[in-house]
1. Quick check, is residue B:126 in contact with a strand residue (DSSP E or B) (Cβ under 9 Å, 6 or more places away or on another chain) and either hydroxyl-bearing (Ser, Thr, Tyr) or within 19 Å of residue A:242 (Cα to Cα) (or both)?
2. Sort out for me the helices (runs of 4 or more DSSP H) sitting completely within the range B:35-143 that have 2 or more residues that are farther than 26 Å from residue B:18 by Cα.
3. If I ask for residues that are within 12 Å of chain A (Cβ to nearest Cβ) and crowded, with 18+ Cβ neighbours inside 10 Å, which ones from the range B:184-211 would you list?
4. Pairs needed: first member in the range B:112-135, more than 8 Å from chain A (Cβ to nearest Cβ); second member anywhere, in a loop (DSSP other than H, G, I, E, B) and crowded, with 24+ Cβ neighbours inside 10 Å; C-beta distance under 7 Å; at least 6 residues apart or different chains.
5. Across the range A:163-181, what is the total count of residues that are farther than 24 Å from residue B:151 by Cβ and among the small types (Gly, Ala, Ser)?
6. Looking at the range A:244-275, which of its residues are at the interface with chain B (Cβ under 10 Å from one of its Cβ atoms) and either touching an Asp or Glu at 6+ places or on another chain (Cβ under 7 Å) or among the aliphatic types (A, V, I, L, M) (or both)?
7. Output the qualifying pairs, or none if there are none: Cβ atoms under 6 angstrom, residues six or more apart or on different chains, first residue in the range B:46-75 and closer than 17 Å to residue A:158 by Cα, second residue surrounded by 16 or more Cβ atoms within 10 Å (Cβ to Cβ) and hydroxyl-bearing (Ser, Thr, Tyr).
8. State yes or no: is residue A:138 in the same structural domain as residue A:212 (by TED's automatic domain parsing) and over 18 Å from residue A:221 (Cα atoms)?
Amino acid sequence: MKISELIESRRADWKELEDDIEWVRKSSRRKLDPDRLASFAKRYRAACSDLSLGISAGFPQETIRYLHQLVADGHAMFYRSSTFRLRTWGKVLFSDVPRRIINDPCTWIAMALFWGLFFGSLLGSSVLDNFSVEVAGESTLAEMESMYSEPIGSSSTMDSRSMMTGFYVFNNAGIGLKCFACGIFLGIGSLFILAFNAIFLGSIFGHMLNAPQAGNFITFVTAHGPFELTAIALSAAAGLRLGWGIVDTNGWERGASLRRRASQAIEIALTATVLFGLAAVIEGNISPTVIPYPFKVMVAALSTLLMIVWFVVPCLVYGQQSSLEISSNET
Amino acid sequence: MSIEKFQSGVSLDCTLQVVTPENVCFDYRLAGPFPRIVALFADYLLIAAILLGLLILCSTLFGEASFGLILLSFFILQWGYAAGLETLCNGQTAGKKMLGLRVVSASGLPINAQQAFLRGFLRTADMIPYGFAGVFSMYFSRKFQRLGDLAAGTIVVIEGKQTQVSGIKDVKLTNISPEIIPSKFRPDPALIHALALFIARRPKLSKPRRREIAWYLARHFIRLWSLPANTDPDELLCLLYLHSISDESILSKIEKPAKKQEDPVMNWLTGEVVA
């Protein structure tokens, strides 16, 4: 057979493969007709051998280029990744992720760093007169004092509440994701942002607790505190997990180690984002209202309990080790 | 680059070879920073337009409360626009679609949601400072990967438009007769490959340039077959190519092993195995 004849004879088949690829791309997994799928497989593999034949037999270049594209598209559809399944996601969400976060040293490093610096600067600004002024600056402190000068809830309206909720998600969760992303620089970016936030918040807390507005301040920050502060620490833990994968490869090739840790890190980052979202809802709708203080304490206690249950119960039920081998404490 | 590699059709351009389980290599053309930056700006413009539309719509409907909604949608678009579209539209945002780019896994497979969100989140790190981190990363990684791509294991490729094959281009041969090729002549695969490459590039060259390039190969045949000195080298090569792709012996030499390899799989799939 001549090459020109062969190309002519195969062309109809290639056209059908194009249609098949489009058909597989458009239809959902369950609706795929098995017979047509089998013929798609057959045509795809025939196109593969056409390509290798074409390269060795010197087909015209435009035909080769066309076959490259055809095989690439076919490959992408033939071996496409699995779709979303609710059941596996339930297991990931309520068993794998909390256990991986608890077992991850990065979580505890970030927690220790955050709370250490937070309480350190809280203590520092309570004991030393100049500490909070040096850290936060005169104007910020004055602004904070004026913000909490009136009793909480006196000027809150429905509109301002929904606006502030949006603002807290945008600002806080945005900072959290930035903190995570900066972890790619060997984890240093995340640690820097975490340390900055810990020291800044600590000194503000230290200053406000000793200010005349302390009562209003505490009434405001109690309810959303647990979610928000945990979320900041977790964002940094996610970034650290990501960046540390480049440093400590655990015997893997460096790029592969990064990719492996990245899939673990994004779980932590998304957890932190969810916590920021919950914190924003509380901060926008419960914290600035006239609801009695004991109720706000209850919200804080409940959110702490919720986190403890989510983190600890899976560890107790399914054991410490995560079922996936990407748990972090293998050596 | 070794000679064998050159002969086997590996191009020197920015392409990535993917080996399929069928033992076939295909090429992806990698996208460099410049089309990607244009695509990014197109996406930013679209986001800005959406936000502006929302702002006008919401502020007329809800008043002050709408700013919360705007900020929330800004957050979602900022962090989720690219990731969401890349997950749903098989690796393409609106900007990428405009420029014919697509995100795929480094293995050549479509990306999943996790990869899309990883590279979406890490775009922030790539932007530090003013996008230098990302451009540096693209420069130093072999596959034009920014930091987000490295972490997610993805690449950005240029989509070739699927053009229907037009068959072998007719070359008008006016001053040359097919009889000048000896009937015993059998071109070897390397020669056919070189001829195919020449034929592919030929339409982009001017006539004198075609002759100049063709001369290097054609002069050997002119001497070998003692053709007249004024033979057009360009036309000679076209004739040789036409001769070689209509030569029955070439295909039969190569076709056999390829067929043997593929038959069991195809038969199994179509249920034609009798034994």
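1. On the way: in contact with a strand residue (DSSP E or B) (Cβ under 9 Å, 6 or more places away or on another chain): no; either hydroxyl-bearing (Ser, Thr, Tyr) or within 19 Å of residue A:242 (Cα to Cα) (or both): yes.
The answer is no for residue B:126.
2. Values: elements: B:66-88, B:94-99, B:113-121, B:123-126, B:132-140.
Once the helices (runs of 4 or more DSSP H) in the range B:35-143 are filtered for at least 2 residues that are farther than 26 Å from residue B:18 by Cα, what remains is B:66-88, B:123-126, B:132-140.
3. B:187, B:192, B:193, B:195, B:196, B:198, B:199, B:202
4. Close Cβ pairs satisfying both conditions: B:126/B:146; B:134/B:146.
5. Our first condition is that a residue be farther than 24 Å from residue B:151 by Cβ; within the range A:163-181, this holds for A:163-171.
Narrowing the set further to residues that are among the small types (Gly, Ala, Ser) leaves A:166.
Counting residues in the range A:163-181 that are farther than 24 Å from residue B:151 by Cβ and among the small types (Gly, Ala, Ser) gives 1.
6. If we filter the range A:244-275 for residues that are at the interface with chain B (Cβ under 10 Å from one of its Cβ atoms), which is where we start, we get A:245-246, A:254-256, A:258-263, A:265-267, A:269-270, A:273.
Of everything in the range A:244-275, those that are at the interface with chain B (Cβ under 10 Å from one of its Cβ atoms) and either touching an Asp or Glu at 6+ places or on another chain (Cβ under 7 Å) or among the aliphatic types (A, V, I, L, M) (or both) turn out to be A:246, A:256, A:258, A:262, A:265, A:266, A:269, A:270.
7. If the second residue must be surrounded by 16 or more Cβ atoms within 10 Å (Cβ to Cβ) and hydroxyl-bearing (Ser, Thr, Tyr), the pairs left are B:58/B:66; B:59/B:66; B:65/A:162; B:68/A:162; B:68/A:165.
8. On the way: in the same structural domain as residue A:212 (by TED's automatic domain parsing): yes; over 18 Å from residue A:221 (Cα atoms): yes.
Spelling it out, residue A:138 is indeed in the same structural domain as residue A:212 (by TED's automatic domain parsing) and over 18 Å from residue A:221 (Cα atoms).
The values are calculated or read from the model by the stated rules, or taken from the named source; none is laboratory data. Here the structure is a predicted model, which means the values were calculated and not measured. Reconstructed Cβ throughout: ideal geometry from the backbone, glycine too, with neighbour counts over all protein chains shown.
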